[in-house]
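Asker: Pasting a structure here, questions to come.
The values are calculated or read from the model by the stated rules, or taken from the named source; none is laboratory data. Only a predicted model underlies this, so the values are computations on that prediction, with no experimental measurement involved. Virtual Cβ from ideal backbone geometry, glycine too; neighbours counted across all protein chains shown. Surface areas here come from the heavy atoms of the whole protein model, side chains and all, with no ligands, DNA or RNA. Shrake-Rupley method; radii C 1.70, N 1.55, O 1.52, S 1.80 Å.
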Amino acid sequence: MTVTTRLSLPAQRFSCIAVNQVWLEGKLSSLAQCNVVVPKNVTSHANHRRLAYGSIPLQDLLAELDVTPAGLTSDAAAERLAAMGTRTEPVAKLSLALRLFASQFRSPITLILIAAAILSLFLRDVTDAAIILAIVLIGALLGFWQEFSASQVLAALLSVVAARVTVLRDGQPVELPTDKIVPGDVLLLSAGSTIPGDCRLLESQDLFVNESALTGESFPVEKQPGQLPAHLPMADRKNVVFQGSHVISGTARVVVVFTGTQTELGQISHRLRLRPPETDFEQGVRRFGFFLMEVTLLLVLGIFVIHLAMRLPALDALLFSLALAVGLTPQLLPAVISVNLAQGARRLAACQVIVRRLASLENFGSMNVLCCDKTGTLTEGTVRVEQCVDFAGQVHARALLLAGLNAAFETGFTNPIDEALRRQVPVDSVGAVKLDEIPYDFLRKRLSVLVRMDDQRLLIVKGALANVLTICTHAETADGKRVPLADARCRIEQRFEELGTQGYRVIAVAYRVHDHDRGTHDEETALTFAGMLVLHDPPRKGIVETIERLRALGVALKIVTGDNRIVAASIAAQVGLDGESVLTGGELRALSDEALMQRSGETNVFAEIEPNQKERIVLALKRSGQVVGYMGDGINDATALHAADVGISVDQAVDVAKEAADIILREHDLHVLIDGVRQGRATFANTLKYIFLATSANFGNMFSMAGVSLCLPFLPLLPKQILLTNLLTDLPEMTIAGDRVDQELMDRPQRWNIQLIQRFMVVFGLLSSVFDFATFAVLLWLLDAGTDEFRTGWFVESVVSACAVVLIVRSRQPLWTSRPAAMLVLTTLLVVAVTILLPYTPLAEPLGFTPLPMTFLAAMLTLVVTYAASAECVKRWFYRSPVP
């Protein structure tokens with residue numbers, strides 16, 4: 001079919017903003033003709049255009065969007081996308097780069113230091129000011145480069161698992177990434193589809209949409225085409241669907257009206273600057289930041305006041321105090337975290353694990369509870385239809401045919417049961433014709449199809465046994481006899497329980513003769529129970545060993561399933577879990593949040609669970625202090641995925657599940673998670689290494705500097721020398737992301753422990769100070785060093801000892817049993833060489849350094865070796881207790 005569209009308007013009209021402002025650019029006449037009341041100040045009310053498009057006649061709306069119900073042509077879509085892209089993509093990339101670069105200077109201490117350096121320019125201390133600004137700028141550029149590289153890695157990984165939507169192009173349905181959708185596109189929606197923009201319905205069939213992200217309404221909302229008055233509240237706009245919602249059941253054809261920031265969700269996000277909830281790791285970073293800020297402020301204010309009391313120049317005292325603050329602060333922590341996460345995400349990608357949200361990788365390692373469904377995760381996910389039996393246990397061929405017809409004609413979300421029925425039951429030869437469909441939803445837990453066969457209309461229902469039995473009045477035997485359901489119900493339930501204990505899943509099939517060509521929910525009544533489909537989905541090969549390995553890693557597995565408790569308990573027992581501790585959805589409904597928090601930790605199997613209860617289980621586990629992962633791939637998993645500390649889905653999942661997840665598995669296999677958990681722990685451990693190393697060394701140096709500055713007639717180090725010390729000692733630590741991690745840290749979940757960080761900082765900071773004061777004694781008493789010699793000697797010893805001790809305290813194990821990574825050793829040796837040689841280069845004079853005698857270098861070597869040996873002994877004492 002050839003589709004023609006009117007393309008007389010300039011391409012610029014189809015930019016995201018121009019299309020969405022169509023009613024604000026001289027198009028108000030069409031609204032007036034449609035009896036839509038337009039306020040006089042409409043051009044100042046941007047929200048009006050979002051309200052009005054549901055009240056315009058459909059043909060007028062399509063004309064304004066310059067599209068037909070058959071969709072855009074490829075050329076027209078490319079033209080609109082190009083107009084949007086040329087305005088947004090370079091701006092977005094430039095904006096990201098500028099934001100990342102500006103974020104390197106968001107520390108108030110750094111900004112004050114820059115201001116003080118600029119002030120020194122006006123006081124004609126040009127050299128010192130330039131050096132200070134250069135060092136700050138180099139540190140900022142290093143941090144920017146690392147974080148920008150990390151963002152590019154994340155963007156590349158996300159493109160692999162981008163959500164897709166079915167769109168009509170040239171009259172044909174094609175699948176495209178959601179970021180390729182433009183205003184005017186016609187989309188085909190079905191169960192599981194995410195909605196990439198605000199759209200108007202062209203046609204629909206039993207369409208139910210979850211809009212809880214926008215309206216807070218937990219139950220699905222039915223949507224239908226039509227024309228509604230303007231200014232209705234969002235919850236009452238039944239003829240439009242919004243970005244951020246997703247299809248629960250049914251099908252629809254819609255036209256995209258708004259995208260991006262012009263959508264309702266985009267406007268809310270723009271106004272509120274919405275961001276995802278903090279992960280456990282992010283909360284730990286924030287708490288650590290507050291702790292460090294308190295220590296820094298106390299130290300800086302104290303030193304500044306004392307120096308003023310000693311009548312030192314105010315500017316020198318200010319610069320010295322601020323430089324101390326910068327020296328104490330791990331400036332490159334954001335960059336180190338970004339590098340750690342990006343490298344971890346890159347390594348996981350090679351293991352078929354895609355990280356959508358980098359911060360969740362740290363939680364991946366901290367996770368100690370994993371909730372998952374059984375189908376396709378613990379089991380093979382390839383359902384086999386073993387047989388179809390009546391209530392007496394006899395094979396019922398007609399009931400199997402009815403189930404096959406139901407599966408063949410349903411148009412909702414594809415599932416393994418229907419696929420198995422389509423493969424096994426030949427329905428083409430019976431001459432059945434579909435008349436109507438009542439899609440599956442999670443409240444009814446059944447699906448109905450109305451067909452014409454053998455001059456009869458049959459409403460065929462397939463679904464959960466309990467839900468189907470509630471609408472049946474009779475039961476049928478294999479030879480076609482009908483009996484009252486009351487006479488057969490006990491035998492049905494007994495057969496159901498027997499099959500469940502053997503690990504079989506059972507689906508009920510029922511039917512009734514219908515008298516017209518349409519079907520509704522109200523007509524699902526007075527049915528005849530035809531039989532039970534007996535389905536088998538065996539446990540995955542090797543799943544017992546996988547669960548055991550997860551348990552050895554400290555990750556407890558919990559099954560959360562909608563299946564009945566008998567089947568769930570049977571599968572749990574087959575895969576090595578305790579099938580006795582089962583909590584059903586009905587029992588859960590009766591529990592308070594406090595009681596559920598207690599029961600959730602003791603329960604391994606949650607069965608007969610409703611979709612909204614999955615989120616409640618996750619939240620209860622989190623409140624009990626667990627770091628919770630949730631693995632799901634269905635429509636009803638989205639809220640639980642969002643609530644979990646780590647939402648895990650698979651590449652074959654519905655779009656809404658992938659959008660809600662933090663981690664995407666390219667293979668639907670729990671074994672892949674083992675590599676992910678270990679990589680997450682390695683990333684977390686290496687991030688903490690930097691924090692331990694930076695804070696302890698910096699605290700020790702700054703404490704020593706503060707102490708000795710009170711005893712000397714000159715500043716022990718100039719501000720530019722303090723900043724240079726901080727920069728050089730940070731360089732080796734930036735390679736910590738690729739360092740080896742001790743096995744004991746990989747074998748169990750790790751959490752933030754501020755008390756441990758404080759203790760480490762004090763113990764190893766004081767050890768560093770002891771050798772700093774030993775260095776002072778050597779310089780002042782043995783070598784009779786002057787001002788420049790003292791500063792140079794301490795600078796060299798401080799940097800060399802800090803770099804050397806990194807190789808010692810980076811691991812809980814002795815150096816000779818836990819070898820550092822090659823890159824860490826290489827950068828450490830490079831920085832040590834640069835530091836020793838720096839006083840002999842032309843840069844020495846502007847930096848305030850002077851060449852050192854060989855006697856000091858020999859003394860320094862002795863001090864460094866003694867310091868390293870002492871650090872090894874102190875480390876053994878520090879970690880003598882079990883790992884916290």
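Asker: Roughly how many nanometres apart are two label points built 7 Å out from the Cα toward the Cβ at Ile138 and Tyr840?
Answerer: 2.0 nm
Asker: What shape does the range 552-655 have by the C-alpha gyration tensor, where a ≥ b ≥ c are the square roots of the eigenvalues, rounded means a/c under 1.5, and otherwise prolate means a/b greater than b/c and oblate the rest?
Answerer: rounded
Asker: What order do you get for 837-843, 720-726, 347-353, 448-454 when each peptide is scored by the mean count of other beta carbon atoms within 10 Å, highest first?
Answerer: Sorting 837-843, 720-726, 347-353, 448-454 by mean packing, highest first, produces 720-726, 448-454, 347-353, 837-843.
Asker: At a Förster radius of 30 Å, what calculated FRET efficiency corresponds to the Cβ-Cβ distance of Leu710 and Leu815, to the nearest 0.05?
Answerer: Calculated value: 0.25.
Asker: Ordered by packing density, taken as the mean number of other Cβ atoms within 10 Å over each peptide's residues, highest first, how do 846-854, 736-744 rank?
Answerer: Packing order, densest peptide first, comes out as 736-744, 846-854.
Asker: Whenever you get a sec, compute what percent of the accessible area on the range 778-884 sits on carbon and sulfur atoms (1.4 Å probe).
Answerer: Whole-percent figure for carbon plus sulfur exposure: 72.
Asker: Looking at the square roots a ≥ b ≥ c of the eigenvalues of the Cα gyration tensor of the range 390-460, which shape do they give, rounded for a/c under 1.5, prolate if a/b is larger than b/c, or oblate?
Answerer: rounded
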